[in-house]
Amino acid sequence: MKAGLTVTAILLATLSPLSAQSGDNTKTTGRACLSVLNTANGDEEPLLADHTGRRGLKLLAHFDATVPCEVFAAVFARNGEAVPGCRPQFASVAAHTEGTLPKAPASWNWEKDGGPVEGYILFFAKGSKDASEFRALATAMQSAKDESVIKLQTAKVRELIGRVAIDRSPLRPPKLDADVAGTYRMVVGFEWRNAAKSVSFSAAKPVAAVFPTR
């Protein structure tokens, strides 16, 4: 896989009400990573700027957080249009529990080099109004067939994401795996946490983390 791709991943997080015992300024942590999976041999690695789409590749979103939350994940072409076959996904996630999107039977097949793409992973407090908007869009886009409708839905998603403050700090250096809570464990296969970007966030201040850093 050669140069020609810039991949941006957005991590949007808001504090869960379950952890907001000291007010909206309570901080917590979320982590996310986008990866590319080679279905021919099972190899998986972090999605980098020099990766390009080709036959047998799939995109995956990995994430966890210190609080129960809801997550929206999507991949778009840099021109703002949806990547063919990659419909946005939405899920509820327990605290300190790894989540992965898209959920079966959906699959983000990345089999054509259509140019640079942008990937977004958004975290929301349970039951938040913002989360309900993204959930509704994700649900509607699963069954949408009219290209004009899909373009309108995609534009709406990007409009909502664009309202978020962005953290452009560099990725942290790789280190030994640990859960968000600090519990070390045995790892088999791809360890996405070693390539994840972490953000501190609060209910009052959603944060969008961008990677790779440009």
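The values are calculated or read from the model by the stated rules, or taken from the named source; none is laboratory data. What you see is a predicted model; the values in this text were computed from it and never measured. A quick note on method: Cβ atoms are made from the backbone with ideal geometry, for glycine too, and the neighbour counts reach across all protein chains shown.
Does V75 meet the test of being outside any loop (DSSP other than H, G, I, E, B), closer than 30 Å to T28 by Cα and of a type in the set (V, I, T)? So V75 passes the test. Scanning the range 44-60 for residues being over 13 Å from W110 (Cα atoms) and within 10 Å of the chain's Cα centre (by Cα) gives a total of 0.
Restricting to the range 144-165, name every residue that is part of a loop (DSSP other than H, G, I, E, B), within 20 Å of A106 (Cβ to Cβ) and touching a Leu at 6+ places or on another chain (Cβ under 6 Å). None - no residue of the range 144-165 is part of a loop (DSSP other than H, G, I, E, B), within 20 Å of A106 (Cβ to Cβ) and touching a Leu at 6+ places or on another chain (Cβ under 6 Å), so the list stays empty. I'd like the residue in the range 166-199 that is loosely packed, with under 10 Cβ neighbours inside 10 Å and at pLDDT 60 or above and, out of all such residues, is nearest to L122 (Cα to Cα). Only one residue fits best here, namely P170. When the range 78-92 is filtered for residues that are touching a Pro at 6+ places or on another chain (Cβ under 7 Å) and part of a strand (DSSP E or B), only Q89 remains. Counting only residues that are surrounded by 15 or more Cβ atoms within 10 Å (Cβ to Cβ), small (G, A, S), in contact with a helix residue (DSSP H, G or I) (Cβ under 9 Å, 6 or more places away or on another chain) and not in a helix (DSSP H, G or I), the range 104-142 holds 2 of them.
For (1) at pLDDT 80 or above; (2) among the hydrophobic types (A, V, I, L, M, F, W, C); (3) surrounded by fewer than 17 Cβ atoms within 10 Å (Cβ to Cβ), each residue gets a yes or a no:
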position: L12; (1), (2), (3): no, yes, no
position: S16; (1), (2), (3): no, no, no
position: Q21; (1), (2), (3): no, no, yes
position: C33; (1), (2), (3): yes, yes, no
position: D50; (1), (2), (3): no, no, yes
position: K58; (1), (2), (3): yes, no, no
position: A61; (1), (2), (3): yes, yes, no
